[in-house]
Structures are given as C-alpha cells and as structure tokens.
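What follows is a set of notes on a single structure, which appears directly below.
The values are calculated or read from the model by the stated rules, or taken from the named source; none is laboratory data. The structure displayed is predicted, hence computed values, not measured ones. Backbone-built Cβ (ideal geometry, glycine too); neighbour counts: all protein chains shown.
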Amino acid sequence: MQLKQLKEEAQACFTEVTKAEQLESLRLKYLGKKGQLSEILKQMGALEPEERKKVGQEANALKQEIETWIEESKNRLQEASQNKILKERIDVTLPGNKLTLGALHPLTQTAYEILDILGDLGFESVRGPEIEHDFYNFEALNIPAEHPAREMQDTFYMAPEVVLRTQTSPVQIRAMLALQEVPLRVACFGKVYRHDQDATHSPMFHQIEVLSVDQNVSFSDLKGTLTLLVKKLFSEKARVRLRPSFFPFTEPSAEVDMSCFSCDGAGCRLCKNTGWIEILGCGMVHPSVLRVAKIDPEKHSGFAIGMGVERIAMLRYAVSDIRLFYENDLRFLGQF
Amino acid sequence: MHISIQTLRSMVDLPNLSPQEIADKLTLGGLEVESIQSFEDDTILELKVTPNRPDALSHMGIARELAAMCHTRVTFLAPSIKELGASIHDLVQLNLLSKEACPRYACRVIEGVKIGPSPEWLSKKLLSIGIKPINNVVDITNWVLLERGQPLHAFDLDTLSKSKGRVAIKVRQAQPEEKLVTLDGKERILTPTDLVIADEEKAVALAGVMGGKNTEVSETTQNILLESAYFEPKGIRKTAKRLGLSTDASYRFERGTDPNGVITAIDRAAALIQEIAGGRIRRDALDIYPNPIEPLEISMRTQKLAQISGLPEPEPAELRTRFLSLGIETSGRGGHDAIKFRVPTFRPDITEEIDLIEEAMRLAGFDQIPTRIHFHKALSDKNLDLSLDKLERHIKTFLSHVGFFEAINYAFGSPREFEAFGSTEPLTLENPLGEEYSAMRQSLLPGLLNNIRHNLRQQIQKPCLYEMGVVFLGKNKAGHKPDMSTLSISDMGADSYAHEKLLCAGMAHQSDFFALKGILEALFASLKLTPEFKPLSQDLKFLHPGKSANLFLEDTCVGFLGMLHPSFGQDAQNCVFELDLDLLKSHCFKTVQVKSLPKFPGIQRDLALLLDESVPAGDILNLVRNFQALTSVLEDVRIFDVYQGKGIEPGKKSVAISIHLRDSEKTLTEEAIQVPIEVLKQELATKLGAVLRTN
C-alpha cells in the first residue's frame, strides 16, 4: 500500500523534474540512506516472513524502477540542455568592443628595426646634439672650409661656426673622443638638416650612423655587416653591390645598392631599369679622421655606414612623397 | 657631365663593349653613369662625378679610367704645332702678381684668324654634350676643356691696351669695388679676394670663372691671346660661390686642374685654331710657373692594402702594371714591403697611402672583396647610458597601444606660432627656408596643434598624437668651442652650443582631463612609478589655470598635464601633456624588490565623507596615508565615488573612500582598528571639515 503510493508519487516527480540539481535531491529523497524507501524497508521487521518477502521484492523492484527513472531523467535533461545550447546563437560577425590603437611612426619603426639588427651585432646606441659645431660636423670629418664637398650638403647656420648638423657623422667623432678606447661599436639614430625641400628632399630627415673601430677591421667586415643588414631588413634574397664613391671622411668610400626587390634585379620602374636601388653610403674611416679622434690608424682601423631612414622607409613601404612623413595625417600613420 | 662614346672610342680601343657595358664598367669603377642617350649616330653618357675626381671631368680622363678598368692603357700624343714669325715675348709681357692664387699662367698669340662658324664635326661634338656652338675659336676652347679638362680662354688681342707697342697682362687681386662686365653681360662688383686678369688699364677677365665682355672674341676679331692657367682651387671657389656663378671653367678649377697639363692644352687649342680658323701661331708660349708643382711620391705597403681591403696581398708586378694604366708610375722601393709610386698631378685626390689603397681596391673591383661578419658581444663594460633609449621605446610603445599616434614634426617653425606656447627668444637660423621655418622649437606642442588641426580638416574624429623629440632652450653658458679633452660618452653634447632637451608631448582632441590623466597614471604604473599631480605651479600661460596639473616624482617636477587655455578658442578642446625624459629617466628601471604575499586576511573599511567642494580629494588620501596610528597596517586607500547633486547641499560634495588594512604578522581584528578608525574620522573632521555620512 505504502509502496504503491510511493511509486506513484516518485513517478510523478521524475516526470516533472527540469533541472539536474533537482535530480540529485530526488535521488536522496527516495534512495538515500535516510530516503523514503529505506524507511519502508526499516519497518519491514514488524511484518510476517511471507509478507516481508513479498514487500522486500516489491521494494527492490521499485528501487530498480527509480534508478531507471533517474537515468532516464538524466538523459532527458541532458538532451534538453543540448538542444537549448544548439539554439543559442550570437552574430560573431558583429564588431568587437572598440579598443583604440595608435602606432609608432613608420620612421621610428624602420629605425628601431635597423637598430635592433645592429644591436644583435654588438652596436650600441649613442646620441649627439642636433646643433653642432662646424668642427664636429665638417672640420673633424675632413671637410675643411672651402672644400667642394661642403656643396654636397647645403647647410643651415645658427651662427658662423654653428650649424644644424647635416649628418649624424659628427657623432662618430664624439663617440671616438669620448670613449678613447677600442673596440668601439656604436650606432646613432637622429635628425639631420639640409637646406633643401621638394618631393624627395626634406629640410629635416633622419639618419642612422654606424661606426666600428677595432684592430684589423677591413672592407670585408663592412661588406659583411651591410649584407646582413640588408638581407634582414628587406629579404633573404637581396644582394648587395658596392660602388666606389667619395665621402671626405671615409677612404675608400662606397655607395651601396641592393638588388631591386620589386623586379629582383630584372629591371623595372622602381629601379629605373637598372636592377639596383641605391640605399646608403659607407666606407673605411679615413686615417685623418681617426687621428683627429686620437686613434692611431697604424694600430686600428674602422668602417662607417650612414643611411637615410626616410629613403629606406620609402622603399620598404612604397611611399612616394617624403612629405607624408611629416604631415602626421592619421590616414597615413594609421596604416602602420 | 656628358661624355660621347664616339669620342671615347677614338681614344681607347673598346671594340667589344656596348654603351651599356661601358656604362657599367664606369659605374662600378666609381664614375656613376646616370643615363645613356642617343644623339644622332653617337651615344651620350651622363656621368655624376664625385668632387674628388677633377681628372674625370674630361673625355681623356674618362678614357684613361675606362682603359684601366679594362686592363689596357691609353697614350695621348702631344699636339704638334707650327710656330711662325716673331716671338710672343716681343708683343706680350706677363706680370704674375699673385703667385699663390695663380701658380701657373701661360698664353699664346695667334694672329690673322678668321672667325666664323665651326665645322660640322665640331658643332656636332659640342651639341651632343649639351654645349651651344658660338664661333670657331670659342668652340675650340670649349672643346679642349671637354677633351682634356683644362679650361682655356681666348681674348681679342686688339681690345687689350698697349703701351710702347706691347700688351702688358697682369694676374692680380681685384681692387675693392672694382667693376667688370662678364661675358654674360652682367656687371660684377669685385673684392680683393677675387683674382682678375687685367691689362694696363682694366680688368679683362674674372680669373678661372668667366671672361670680360670688353675683350670678347667677336666676328671681327683677327688676333687672339689664348690663356691657359692653373688657379688655386680655394680662391676660385670663393669667387664663384660669392657671385653665385658656376661655369664649366670654375667647376674644374675649384676641384683642381692639372698644373702640368697647361701647356699641352694650350698647344692643342692653338693647333686646332690654326687648322680651323687659320692664322699664324707666334713663336713661343709665355709660361710663368715660378714654383713647379711636382708629382707626389707615396709609398704603399701591400700588407696594409690586404689589411684594409680584406683581399689577399697582391703581386707587386701586377699592382705596378695596373697602376700604370691610371698614369701612376712606380718610382722605387718604399722601404720594407712597400712600393713607392709617383702620382701624376692630375690626381690631386691621391695624397697618402690610403688613397693608393683605394685605387688598388677600385681596380680590383669592390665585388671581388670577400665578405666577412663578426658577431660581437655587447660592450657591456662601457659606460654607455642606454636607459634613455629604453625609456623612449617604452613610452612610445605604451602610448601607441593606448590610442596615440606618433608624430614627427620639423624642429624649426614659425616664431609667431611658437609664441603662443610661451616660447621666448628662440634660437633662430641665419639662413632659414622662410620666416615660417626660422626659429628652433622650444616646445613640441605647436607642431602637435598643427597636426591636430590638419587631421580635423580631414574629418578625423578625436585625433590623438604625441611626439618625442629635442627642443632647444637657448644657448649654453659653456660656450661653443669644442673641448675634446673633457668629453665623455654620458655627456656627449655637453659642450654643445644650445641646451637641447628630450621631451615627450601629447595632444588629444576633445579629451577629458581625467581620460588623459588615467593614461599617464597607467604609463607611470607601467614604469613602476606613482607621480603626484599637483595644481599647476609652473607659469604656463597656454594652459587653463584651473584645469592643469604638474607631475611630481618625489620632489622633481617632471612635466605637466592640462587643458589648453580658453583663449585658444576652438583649440582649447585639446588636452595636452609634456614629460621631460631626462628627468624621468633617473627614476626609472629600478629593479623591483618583491614583497612576500599576505598570509593573513585584511579588513576593508569604506567611509563616505561630506565636505566642502573646494577640498582636493588628494588631501583626503594624503591625510589617510600619513595617519600615524594606521601606517603599519595601511595597505591602500582609494577614492571610489565622488558625488554632488540631489541630496547634497550646494557647495558640498560627497567623497567615498575605501581603506584597506592588513597586518603582516597576524589576523587583524575589528577591535584592533576600532579606536584608530575613530581617531581618523575625527582628524578628517577637524583638518578637512569632513562629516561622516551615515546614509
């Protein structure tokens, strides 16, 4: 009688159950140690053996039935939750929450990349003043007054012997004088100024100067350093060509061309059909420059590299007008 | 400079080389060919010749170079001339008054010439390389210049003044204010630094630059005085630069012509004039050369060549042969392991061993030099201060990640625009590109403001930009004579003319003060720093006085933050900041010392305070931080709400703070803090007039 009632009640409960948490409490309610079925079994001691056996069997059957219901409910609930998840949908093509990003200037990005490559080669970063003495900017670099080489660099003057530096090369002299010991490996990134303005010339631009002074530094080391720099900066496939040139503070001096990355040397508009693109100047430090900097050219030699950061950035990012770098238009800066 | 391939081929045997191949040889030898163009049946190369190579400013020079690149040699025959009649000495007297400016002066006289157009071959030669033919005599002097690099000048002999039947030519410095109308028809006012050729009465040519109109060869000219000289480069350069007058002649003289090529050139021209314009060459040339310039003798060590170049040591015999093709002869042994060379005077660029090493490397070809790379370890024991670079990169990266774009502006600009940002007496350029680029910046803000305006014109919403760069704050007291003995790497530039300071400044359009303050606080937190923002104490007139702050690290003011002054009108919607990186640097990158993690639970106490709206919230925080009875257990105190409005009487504000307390030794009990908190409340009341709100 009691069992029958229990069975009906339990059956109803399990049919109605909607949450997994309820299921566990129902299991405890009926099958737990203090559950209702246990209670009934506890009372069986008072029954006749015949009766006891019968009730025992019925109770066991009920226990099995409840276990089945639990299992069924579990499955039903799982299925329901599965179906619910399957119906849940967000539009993943909608935009994410807006996070505004800025950017480093493309010239900075280019310079940092170059400085990092040089840093891996042991070149450490130095700085020097942008307003320079004639002495550091010209005289010490083997460019005396009235030298035709001064014409290569139209100069802004602050005072008769004071200029806006036309190149980062004066930092070579400063670094050599300041350290007064070798080996010396430094790189300098900074602004330089020339009295010139059009689509390919800016009155202010940026250079990176590289200087290595040591025993037995040779032109081979210069070529090796340049080749590595160009390959890392542009492409593994890039080739480097050095042409004799003239800078007063290096001897021998060279202009450096890299194979055109657009046509791979076959000739195209970018390289004016030559297959080569001029990217920088370099050379072995002139003995008289070493002497000015109190380094004995009989004991030590060095190489120097000077590169225009704008030139390299224009090539890398296909920028055709140098003025874009200083307009600071976010439609331009936002692309980097 | 333009070079005719036909003329080159007549000087050096190059049967198998195409114009392109010739151009490539020259380019890789250091004479860069910029373009190759056809002219009738000829091909013309346009060369960019570096200023150290005056010898390459002629067809003969290029032919010699090309021959050397092709392992062959050129020989130029001396011109042969037929002299007739009386000696030039009977007619012309030469007086060299300025031997330093003019180490050599020579002339010849040709009488009875017939001026007329040049023959076709000569006109064509000149036209092909971009020179307009004038008349046969002038064309010949021009051609000899382009052939051998020696500028020549022809005077109409009959226009030169004579006394006692003789022409007296003087080479002298100009008198002050002396006037000369040059061939281009312009009157030039001269100074004593200019060198002139003169007769008894007047200047007749601006030496080495341009002839005088008064003695110009014309259609009626019959007799010619031909000049060939070597002028000192510096003087010619000075004059040409001062007058803004660059001619084919001055271009070569100021780079250095061959003092020993003067006579062959004048003879070559005289012979051509005789051949083309007729006339008789008077016997003898006048040639004043008081101190002949001898070829330099320079020793080169093959071992040094190997060391500098990275090439194997060359065979001396091979080296001698190759040098000979450049006209550099061997003159003996130069001591152990060295060869002595005699450098011809047409190569003024070769003055020491390293110059010969360069020639050897050029001849070998830079492409033949092996490549070597060393990976060096950082020179960490050197006292290189890299913290500024690190700080620069850190700040740039941070700002870029929080929505700021990096700008780069010119370091010079308009003094008027600078004035708006408090610039006083900026350093100025002597030769600016224009008034609007004449002053050196003292602040980065004027540039940024221009950038913001530019972007707004492009309809860009709320542009945010920053710049990191040097500003120039007046002259240094230290003076500007470089003192090389005291320079150290840490103060590279300490001897510089101007006081240069590295700043970082930012400008955000329509930004709230607190938005930018939050960014700066986060920036400083990323540097493990906590700046204190105090009401503006610097006199910065471009900032809103009530909406600006100075940033302090300990007692150092490292920058400012604030809204632009309302007087900026529309632009006052910009919030700006500036940081001094040199000052900031010394506070950064200290290694963190870890605190052990808390073992015991803490207690949080929130207090809502009602106080006068004029009391800065910072004062509340400072009071709590400095409250003695709690310092040992105070972990943090922060403001989590500020409220004014409904329920708060006007002139008052409600500030809610939360105080976080923890004892590192034991569990903190409510009882232990009860008394101190009560005392704190009283202090807040007495010192700041704060009333506790109990809702």
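Data table
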read-out: Count of the range A:187-201 residues which are more than 8 Å from every other protein chain (Cβ to nearest Cβ) and touching a Phe, Trp or Tyr at 6+ places or on another chain (Cβ under 8 Å); value: 3
read-out: In the range B:299-340, the residues that are part of a strand (DSSP E or B) and over 36 Å from the mean Cα position of the chain (by Cα); value: B:Glu329, B:Thr330, B:Ser331, B:Gly332, B:Arg333, B:Ala338, B:Ile339, B:Lys340
read-out: Identity of the residue in the range A:113-138, among the aromatic types (Phe, Trp, Tyr) and facing chain B (nearest Cβ under 7 Å), that ends up farthest from B:Lys462 (Cα to Cα); value: A:Phe135
read-out: Leading residue by the ranking (modelled with the lowest pLDDT) among those in the range B:363-401 that are over 30 Å from the mean Cα position of the chain (by Cα), assigned to a loop (DSSP other than H, G, I, E, B) and more than 7 Å from every other protein chain (Cβ to nearest Cβ); value: B:Ser380
read-out: Residues located in the range B:535-563, provided they are outside any loop (DSSP other than H, G, I, E, B) and touching a residue at least 60 places away in the same chain (Cβ under 8 Å); value: B:Pro535
read-out: Checklist (1) facing chain B (nearest Cβ under 7 Å); (2) surrounded by fewer than 23 Cβ atoms within 10 Å (Cβ to Cβ); (3) aromatic (Phe, Trp, Tyr); (4) touching a residue at least 60 places away in the same chain (Cβ under 8 Å) applied to A:Phe205, failing item; value: (1)
read-out: Hey, B:Asp158 assigned to a helix (DSSP H, G or I) and over 30 Å from B:Leu8 (Cα atoms) or not; value: yes
read-out: Candidates A:Gly265, A:Gly283, filtered to the one that is buried (at least 23 other Cβ atoms within 10 Å of the Cβ) and of a type in the set (Gly, Ala, Ser); value: A:Gly283
read-out: Those residues of the range B:317-369 which are closer than 19 Å to A:Pro287 by Cα and without any contact (Cβ under 8 Å) to a residue 24 or more places away in the chain, in sequence order; value: B:Glu358
read-out: Qualifying residue in the range A:150-173 (condition: at the interface with another protein chain (Cβ under 10 Å from one of its Cβ atoms), β-branched (Val, Ile, Thr), in a strand (DSSP E or B) and touching a residue at least 24 places away in the same chain (Cβ under 8 Å)); value: yes
read-out: Count - residues of the range B:617-668 that are touching a Lys or Arg at 6+ places or on another chain (Cβ under 9 Å), within 28 Å of B:Asn550 (Cβ to Cβ) and assigned to a loop (DSSP other than H, G, I, E, B); value: 2
read-out: Hits in the range A:50-100 - residues which are of a type in the set (Val, Ile, Thr) and within 19 Å of A:Lys19 (Cβ to Cβ); value: A:Ile66, A:Ile70, A:Ile85
read-out: All positions within the range B:36-56 that are charged (D, E, K, R) and free of Cβ contacts under 8 Å to residues at least 60 places away in the same chain; value: B:Asp41, B:Glu46, B:Lys48
read-out: Failed condition for B:Phe589, given (1) more than 25 Å from B:Cys464 (Cα to Cα); (2) without any contact (Cβ under 8 Å) to a residue 40 or more places away in the chain; value: (2)
read-out: Those residues of the range B:53-86 which are more than 41 Å from the chain's Cα centre (by Cα) and among the charged types (D, E, K, R), in sequence order; value: B:Lys82, B:Glu83
read-out: Tabulated pairs, the range B:453-471, first more than 8 Å from every other protein chain (Cβ to nearest Cβ) and closer than 30 Å to B:Ser496 by Cβ, second part of a helix (DSSP H, G or I) and of a type in the set (Gly, Ala, Ser), C-beta under 7 angstrom, 6+ apart or interchain; value: B:Glu467/B:Gly447
read-out: Residue count for the range B:426-445, restricted to those that are of a type outside the set (S, T, N, Q), surrounded by fewer than 23 Cβ atoms within 10 Å (Cβ to Cβ) and either touching a helix residue (DSSP H, G or I) at 6+ places or on another chain (Cβ under 9 Å) or closer than 20 Å to B:Ala498 by Cβ (or both); value: 9
read-out: The one condition in (1) surrounded by fewer than 19 Cβ atoms within 10 Å (Cβ to Cβ); (2) within 28 Å of A:Ser301 (Cα to Cα) that B:Phe323 fails to fulfil; value: (1)
read-out: Selection count where residues are assigned to a loop (DSSP other than H, G, I, E, B), more than 14 Å from chain A (Cβ to nearest Cβ) and not small (Gly, Ala, Ser), scope the range B:195-234; value: 12
read-out: Flag for B:Phe346 being more than 7 Å from chain A (Cβ to nearest Cβ), under 18 Å from B:Phe577 (Cα atoms) and either in a helix (DSSP H, G or I) or at pLDDT 95 or above (or both); value: no
read-out: Failed condition for A:Thr225, given (1) within 8 Å of chain B (Cβ to nearest Cβ); (2) surrounded by fewer than 20 Cβ atoms within 10 Å (Cβ to Cβ); (3) closer than 17 Å to A:Gly122 by Cβ; value: (2)
read-out: Condition met for A:Leu62 (at pLDDT 90 or above, surrounded by 16 or more Cβ atoms within 10 Å (Cβ to Cβ) and not charged (D, E, K, R)); value: no
